[in-house]
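The values are calculated or read from the model by the stated rules, or taken from the named source; none is laboratory data. The shown structure was predicted, so the numbers you read here are calculated from the model rather than taken from an experiment. Please note: Cβ atoms are built from the backbone with ideal geometry, for glycine as well, and neighbour counts cover all protein chains shown.
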């Protein structure tokens, strides 16, 4: 798991903890086969961190699987990679995804090229399967 | 002051309180001469409220002065009204304003037609003067 600052973080609405092993400033797109951007409140902060945005942009441009769920696609908007993609996300972010040039569809998972997106936690099984499928291509 | 729910709200980082007199669902664009969307953390919530987004869209389309500062322009992005406007905002939201079709400039205030935008609290004097100027046209 990479993030802004290494450390152990507790989820804001549960006891789940996440161990951020490295900062995005310590890694490069070549170190990973896929990028998964989770949702919740973190994308609002991640999208305001220059190093994160730059990493996401560079990673996306490699063409390797890039996945985002719930509010995760907000980071893709700020990274300027939505283009004319067809995608989904948390229903309340439809407006900004559309404004960024994307075509929004209300389905559990959408795969458009290397981009995988889903809406809500309930979509996680379909989301994970889609990412796995791209990795096994 | 209008908002999502009427009530008295305390600012998250100071003792300032704001009295939200009416919900956006109780008012119409014809009730106001101008719309000012402040910044801080509220735009992240405002932009996810359908009634707010609809009101902002309708208000903007009347051509009356519409102003936003700091994170305020995020609501304009979701309302789909940025179009090809030249605007500014909190530096960290530059990416999403650009993705929405806008041209971002790092200046204290920008007036493009009926749209007035500023970056940070320190821009408030110039921001207020620009809104006032539009109102006195």
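Report, by residue number, each residue of the range A:1-59 that is under 16 Å from the mean Cα position of the chain (by Cα), within 23 Å of residue A:114 (Cβ to Cβ) and assigned to a strand (DSSP E or B). A:2, A:3, A:35, A:36, A:37 - these are the residues of the range A:1-59 that are under 16 Å from the mean Cα position of the chain (by Cα), within 23 Å of residue A:114 (Cβ to Cβ) and assigned to a strand (DSSP E or B). Among the residues of the range B:43-53, those identified as free of Cβ contacts under 8 Å to residues at least 40 places away in the same chain and either more than 13 Å from every other protein chain (Cβ to nearest Cβ) or over 26 Å from residue B:133 (Cα atoms) (or both) are B:44, B:47, B:48, B:50.
Checking each residue in the range A:82-94 for being part of a loop (DSSP other than H, G, I, E, B), more than 8 Å from every other protein chain (Cβ to nearest Cβ) and surrounded by 19 or more Cβ atoms within 10 Å (Cβ to Cβ) picks out A:85, A:88, A:89, A:90.
Of the set (1) crowded, with 24+ Cβ neighbours inside 10 Å; (2) within 15 Å of the chain's Cα centre (by Cα); (3) under 19 Å from residue A:45 (Cβ atoms), all apply to residue B:68 but (3). Of all residues in the range A:26-38, those satisfying the criterion of being free of Cβ contacts under 8 Å to residues at least 60 places away in the same chain and surrounded by 14 or more Cβ atoms within 10 Å (Cβ to Cβ) are A:27, A:29, A:32, A:35, A:37, A:38. Residue selection: residue B:67 satisfies the criterion of being in a strand (DSSP E or B) and either more than 9 Å from chain A (Cβ to nearest Cβ) or without any contact (Cβ under 8 Å) to a residue 40 or more places away in the chain (or both).
The set of residues in the range A:55-75 being under 24 Å from residue B:74 (Cβ atoms) and out of contact with any helix residue (DSSP H, G or I) (no Cβ under 8 Å at 6 or more places or on another chain) consists of A:57 alone.
Taking the criterion of being within 22 Å of residue A:41 (Cβ to Cβ) and buried (at least 17 other Cβ atoms within 10 Å of the Cβ), the residues of the range A:110-130 that qualify are A:116, A:117, A:118, A:119, A:123, A:127. Those residues that are assigned to a loop (DSSP other than H, G, I, E, B) and surrounded by 21 or more Cβ atoms within 10 Å (Cβ to Cβ), I need them from the range A:95-108; list them, please. Passing the criteria: A:100, A:102. A single member of B:27, B:36, B:75 is more than 28 Å from residue A:101 (Cα to Cα), modelled with pLDDT of 95 or more and touching a strand residue (DSSP E or B) at 6+ places or on another chain (Cβ under 7 Å), and it is B:27.
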